[in-house]
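**Q** Just dropping this structure here.
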Amino acid sequence: MSIVDVSTEIVIARPRHDVAAYASDPDTATTWYANIAAVEWKSAKPAVIGSRIAFVATFLGRRLSYTYRVTELVPDERFVMRTDEGPFRMETSYAWSDAGEGLTRMVLRNRGEPSGFGKIAAPVMAAAMRRANTKDLARLKTILEATGAGE
């Protein structure tokens, strides 16, 4: 069994509520995730447990379409989404904690079990995810630390 489990984190100089509100809003995903091209709500906004959101992304040169279902939502603490179908079942989770006065630690974790060719490419996939997640969190930090951004 080839499981991909990639966890990355960053400290952002913004209060936890601001970071969590921005990062857990699927409508902001195209601004801070380089690989996400489009987001489409399949259920009513805002996100609640059970909400379904479709994403179109590019990863390792391939166009991917997948729908996440929100499975856990604890405001300002945790946000978890899972795919139920597709070639690569994935769970994406965000966790936020205080990291000092006005600082927030955000952990982005992607965990899944690839099928088909993905099983063979799992180590390459994990390395590519880690690089992409590190860049995406850096972009999120830049956006949120810019004056007035995310408000």
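The values are calculated or read from the model by the stated rules, or taken from the named source; none is laboratory data. Everything quoted here is computed from the prediction, not taken from an experiment. Cβ placement follows ideal geometry from the backbone for every residue including glycine, while neighbour counts extend to all protein chains displayed.
**Q** Among residues belonging to region 29-41 that are assigned to a strand (DSSP E or B) and not small (Gly, Ala, Ser), point out the one that is farthest from residue 63 (Cα to Cα).
**A** 41
Residues checked against (1) part of a loop (DSSP other than H, G, I, E, B); (2) of a type in the set (Ser, Thr, Tyr); (3) touching a strand residue (DSSP E or B) at 6+ places or on another chain (Cβ under 6 Å); (4) surrounded by fewer than 16 Cβ atoms within 10 Å (Cβ to Cβ):
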position	(1), (2), (3), (4)
7	no, yes, yes, yes
27	no, no, no, yes
43	yes, yes, yes, yes
47	yes, no, yes, no
58	no, yes, no, yes
64	no, no, yes, no
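**Q** Just checking, which of 4, 48 is farther than 26 Å from residue 142 by Cβ and touching a residue at least 40 places away in the same chain (Cβ under 8 Å)?
**A** 4
**Q** Looking only at residues in region 128-144 that are among the β-branched types (Val, Ile, Thr) and touching a residue at least 40 places away in the same chain (Cβ under 8 Å), which one is farthest from residue 105 (Cα to Cα)?
**A** 143
Here is a yes/no grid of residues against (1) at pLDDT below 95; (2) over 12 Å from the mean Cα position of the chain (by Cα); (3) assigned to a loop (DSSP other than H, G, I, E, B):
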| site | (1), (2), (3) |
| --- | --- |
| 86 | yes, yes, yes |
| 92 | no, no, no |
| 96 | no, yes, no |
| 124 | yes, yes, no |
| 128 | yes, yes, no |
| 132 | yes, no, no |
| 151 | yes, yes, yes |
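**Q** Scanning for something aliphatic (A, V, I, L, M), more than 16 Å from residue 28 (Cα to Cα) and modelled with pLDDT under 95, does region 67-74 turn up at least one residue?
**A** So far as region 67-74 goes, no, none of its residues is aliphatic (A, V, I, L, M), more than 16 Å from residue 28 (Cα to Cα) and modelled with pLDDT under 95.
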